[in-house]
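Okay, structure first, notes after.
Bear in mind these aren't lab numbers, they're just calculated from the coordinates by the rules spelled out. Only a predicted model underlies this, so the values are computations on that prediction, with no experimental measurement involved. Please note: Cβ atoms are built from the backbone with ideal geometry, for glycine as well, and neighbour counts cover all protein chains shown.
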Amino acid sequence: MKEEKWDTVITSKAPVFDLRLSEIWRYRDLLMLFVKRDIAQVYKQTILGPLWFFIQPIITTVVFTVVFGKMAEIPTDGIPPVLFYLSGITFWNFFAESLNKASTVFRDNQNIFGKVYFCRLVLPLSIVINNLVKLGIQLTMFLLFYFYFLVTNPLIQPNLYALLFPVLVLTTAGLALGFGLIITSLTAKYRDLLFLIQFGIQLWMFATPIIYPLSEVPAGRQIYAVLNPMTAVIETFKYGFLGEGTFSWLYLGYSTGFMLIIVIAGIISFNRIEKTFVDII
């Protein structure tokens, strides 16, 4: 009897390190459809629409400038406060929004998962790509302020480390995706963990040098700040574009290596849970 060949074989068991990344390419059209759907849904029936991409970071920057810059008088390494806070907020928003949405993938899409088979990883990936589009828009706003201060303020001195920008984007996206996959795998069974996500992300922001430079952290405690993988990303971005900040190949290498580990761990946990997700809920 001739053995039949199938395009897709669904089994209950698979090797632990079978990440099934090739499926993402096969479902790339579906991935882009999810990206377009998310962009359309977020600002559908809103008055200002895509302008919210600009309004949110501007309001946050103004609040940080008044509260932390004027009232608390936290130094910004000689960088204009508006540019200092905006540079950190732009990257942090990309990370926080991607993590927040990716961590609820199972809960938000349980009806789809129970009806049809497709590569489940395209959903959290579509969230990251969607926020990557937002990052591009917000970076446009950052560059407008950046070029203004570049012309008017001699302290702004970009350098070749700005070329590390793609690495910083990839590292941030990987961290958000990896942590999001792990969290959504846990919350599929333990729903009460969802209440801690937003609060935890807010605390994480204050542990990242966004409202203060890493140089202001006491020397004996900087090691704890550097253990935060987002620290090197934010500091490298500021150092490359603004000429001020803390840069270390060791710190950046740690963040990149941490990202690779967390992405692999996240995909493994996600693939294990998605097999039995329908039974769990």
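For region 143-281, the alpha carbon convex hull comes to 131 Å³ per residue, rounded to a whole number. Anything over 24 Å Cα to Cα? Flag those among Lys70/Lys134; Lys134/Lys189; Lys101/Lys189, in the order listed. Violating the 24 Å Cα-Cα cut-off are Lys70/Lys134; Lys134/Lys189.
Under DSSP H, which helices of the chain have Cα atoms covering 24 Å or more of the helix axis and a Kyte-Doolittle average no less than -0.5? Working shown, then result.
Numbers: long enough: 81-102 (31 Å, 0.64); 122-152 (44 Å, 1.70); 165-187 (33 Å, 1.87); 249-280 (46 Å, 1.15).
Taking the DSSP H segments of the chain (at least 24 Å long, mean hydropathy at least -0.5), we get 81-102, 122-152, 165-187, 249-280.
Tell me what the chain gives for mean residue ellipticity at 222 nm when only DSSP H runs of n ≥ 4 count, each as -39,500 (n - 2.57), the sum divided by the residue total, rounded to 500 deg cm²/dmol. Kindly include the intermediate steps, with their values, before the conclusion.
Values: 12 runs with 181 residues, N = 281.
Helix contribution divided over all residues of the chain: -21000 deg cm²/dmol.
Each label was represented as a point 7 Å from its Cα along the Cα-to-Cβ direction; for Asp29 and Val116 these points are 1.2 nm apart. The stretch between Ile137 and Lys36 holds 34.8 nm of extra length on full extension. This uses 0.36 nm per residue minus the Cα-Cα distance. Treating r as the C-beta distance of Ile261 and Thr152 and R0 as 41 Å, the FRET efficiency rounds to 0.45. Take the Cα of Val66, step 7 Å toward its Cβ, do the same at Phe54, and the gap between the two points is 2.1 nm.
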